[in-house]
Amino acid sequence: MLKIQDLHVYYGGIHALKGISIEVPKGKVVTLIGCNGAGKSSTLRAIAGLIKNKKGTITYNGSDLSKLGPVEVVKSGIVMSPEGRRIFPHLTVLENLRLGAYSRSDAPQIGKDIDWIFELFPKLRERKDQKGGTLSGGEQQMLALGRALMSAADVVMMDEPSLGLAPMLVKEVFDIIAAIHQQGKTVLLVEQNAFAALKIAHYAYVLEVGAIVLQGTGAELIADVRVREAYLGG
Amino acid sequence: MTWAMFVQHTLNGLTLGSLYALIAIGYTMVYGILRLINFAHSEIFMLGAYFVFWGITLFYLPWALAIVGAVIVTASVGILVDRVAYRPLRDAPRISALISAIGVSFFLQNVTIVVFGALPRQVHRPAWLEDPILMGDVRVLPLTLFVPALSLLLMLGLVWIVYKTKPGLGMRAISKDIETSYIMGVPVNRIISLTFGIGSALAAASGIMWALRYPQLQPVMGSIPGFKAFIAAVFGGIGSIPGAVIGGVMLGVIEIMAVAFFPDLAGYRDAFAFVLLIVILLLKPTGLMGEKLEDKV
């Protein structure tokens, strides 16, 4: 269980997160929805250890993560797939996947996990020696998620995985997220595509200007009038 | 010019060029990762040479041990420079680290003057390096064959590290996107230290061979080779390791050949590199192997 309590984040003089509390139970899909600038990405970046100027507690299975740097966070079992995919365009598909396993030293298991990623995303196997930058947008998103999975982390945080993809591919990405959950991973998903996210989420939080304004199960929020008006187009 | 002389000049050019290339690799690796021109690099080159002769004259070490020891100590100095002068400025504007680099350069030069004195010192080469090798009409010093060969070995070792090992993969990732490397669990600071260590070790190797080739030590001996190696790195495309090698070797050969073909211009020898820099900046600012400057979509 990943538990965030009263998290505050500051950028210079800006108070970006104003005390949010979130729980991500093991094996569940939890989503954060909200507009641009609501603080969704800041939440993920704070958990990942990328933001130093923060207050509050972040615990994972009882141990405190709030003082850890990004490398230690990955080692403790939480990985983030960043917004905009951020694959390494000059490295091959295989090298990108190996990089995802950088914090591990169990070589035989890394080899098996690469095979597992190739089974999950057969397209990546076809392109394994191609440079990441030559892949299509959808394939790059598969690579970004595959790379994150290679860390062997149990909790996968995804920042806007469907952003900038054609509608056909958006559906595919959500199928992939469901598949990752099927593999036993815990998912913390940040999305602007609120409807699709709520449909696969066990639990969801709505963020507005750095605070949680609403929470409930995915189905509850889809039915909620306020959510329908603000995020689902009536 | 006779055929034998041409071969001799080519070999001399390759020797000088490989020494430039070894220094240029350090500039280009650090730039590739931190976008920083490490101006202290020419002093690292100088320290490598001083440490060897310190080891020999002060501790009576045998040559082999003195050389290995000097390379290790110089690499440590390179890592220390990063820790003390650059790491605290990682999030500062790039110009701050650049100014810090210039400061470190002056500091190391002056410390060397205080410790070793400002007067040039003669280097006594081992006897087997003094006898010229004869190949038909071609007469060359053993170093003229030895330097390019050893440089090639060192460069192959570097290629192996960068393209075949896990830290090398980390280096290539960091050079493109530091933050994502962090997120993926790459220990960025450790890899940066390794980069400084490797670059400094290569500069030390170059400095030691330089001092054997031109047997004199002085605290400012790094300045001109350092500048030229920097030009070689820009010429080859800064950030690119193959570019640094090609740029360094070409600069060495051009410099030797220009003097050989136009002896009247020998006095302008050090100016050729700078002319080359101006030409390359006008015609192809990203260098021979440099990345295209693309707008991010």
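Readers should treat all values here as calculations from the given coordinates under stated rules, not as data from a laboratory. For clarity, every value in this text was computed on a predicted model and none was experimentally measured. In this analysis, Cβ positions are derived from the backbone assuming ideal geometry, glycine residues included, and neighbour counts consider all displayed protein chains.
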A student asked for the Cα radius of gyration and Dmax of segment A:125-234 in angstrom ought to give 15.4, 49
Calculate how steeply helix A:167-182 sits against the longest principal axis of the alpha-carbon atoms of chain A, using the helix alpha-carbon long axis, and give the answer as 0 to 90 degrees to the nearest 10. 90
Among rounded, prolate and oblate, which fits segment A:1-149 when a ≥ b ≥ c are the square roots of the eigenvalues of its C-alpha gyration tensor, a/c under 1.5 means rounded, and a/b larger than b/c means prolate? prolate
Pairing the Cα long axis of helix A:107-120 with the longest principal axis of chain A, what angle in degrees results, from 0 to 90 and rounded to the nearest 10? 70
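Rounded to the nearest 5, what is the percent of antiparallel bridges among the DSSP beta bridges in the protein assembly as shown?
Roughly 60 percent of the beta bridges in the protein assembly as shown run antiparallel, per DSSP.
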For peptide A:44-55, what's the mean number of Cβ atoms from other chains within 10 Å of each residue's Cβ? 1
Across chain B, where is the longest run that never hits GluC sites (Glu not before Pro) in a DSSP loop with at most 12 other C-beta atoms within 10 Å? B:131-293
Please work out the Cα center distance from segment B:61-110 to segment B:229-247, rounded to the nearest Å. 20
With +1 at each Lys and Arg Cβ and -1 at each Asp and Glu Cβ, the charge dipole magnitude of chain B around its Cα centre, to the nearest 20 debye, comes out at 560
Alpha-carbon centroid distance for the pair segment A:123-149 / segment B:185-217, whole angstrom: 36
Interchain or sequence-distant (5+) residues whose placed amide H lies within less than 5 Å of the amide H of A:Met157 are A:Val79, A:Met80, A:Ser81, A:Leu188
Note on chain B: the mean projected area of its alpha-carbon convex hull, in nm², is 17.1
Averaged across the residues of B:278-287, what count of C-beta atoms belonging to other chains lies within 10 Å of each residue's C-beta? 0
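Please return the longest range in chain B lying between exposed loop sites, taking trypsin sites (Lys or Arg not before Pro), DSSP loop only, at most 11 other beta-carbon atoms within 10 Å, and leaving the sites out. Each step should come with its number before you reach the end.
Values: sites that count: B:Lys292, B:Lys296.
No qualifying site falls inside B:1-291, the longest such stretch.
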Explain nothing, just compute: Karplus ³J(HN,Hα) = 6.51 cos²θ - 1.76 cosθ + 1.60, θ = phi - 60°, for every residue of segment A:55-65 in order, whole Hz, x for Gly and Pro. 10, x, 10, 10, 10, 10, 6, x, 9, 7, 9
Step through the residues of segment A:216-233 one at a time and calculate ³J(HN,Hα) from phi using the Karplus curve (6.51 cos²θ - 1.76 cosθ + 1.60, θ = phi - 60°), rounding each to whole Hz and writing x for Gly and Pro. x, 5, x, 5, 4, 6, 4, 7, 6, 4, 4, 5, 4, 5, 7, 10, 10, x
Here, chymotrypsin sites (Phe, Trp or Tyr not before Pro) of segment B:130-226 satisfying both criteria (DSSP loop; at most 15 other Cβ within 10 Å) are none
For chain B, what are the DSSP H helices with axial Cα length of 24 Å or more and mean Kyte-Doolittle hydropathy of at least 0.0? B:3-34, B:41-59, B:63-81, B:94-116, B:142-164, B:188-213, B:241-261
Peptide B:166-175, shielding by other chains (average Cβ, 10 Å cutoff): 3
Tell me the net charge near B:Gln216. Cut-off is 12 Å between Cβ atoms, B:Gln216 excluded, with +1 for each Lys or Arg and -1 for each Asp or Glu. +3
Please go through segment B:63-128 and write out the chymotrypsin sites (Phe, Trp or Tyr not before Pro) that DSSP classes as loop and that have at most 11 other C-beta atoms within 10 Å. none
What are the principal axis extents of the Cα atoms in segment B:1-95, in Å, biggest first? 57, 37, 14
Surpassing 30 Å at the alpha-carbon level, of the pairs B:Lys166/B:Lys228; A:Lys131/B:Lys284; A:Lys55/A:Lys75; A:Lys3/A:Lys199, are B:Lys166/B:Lys228
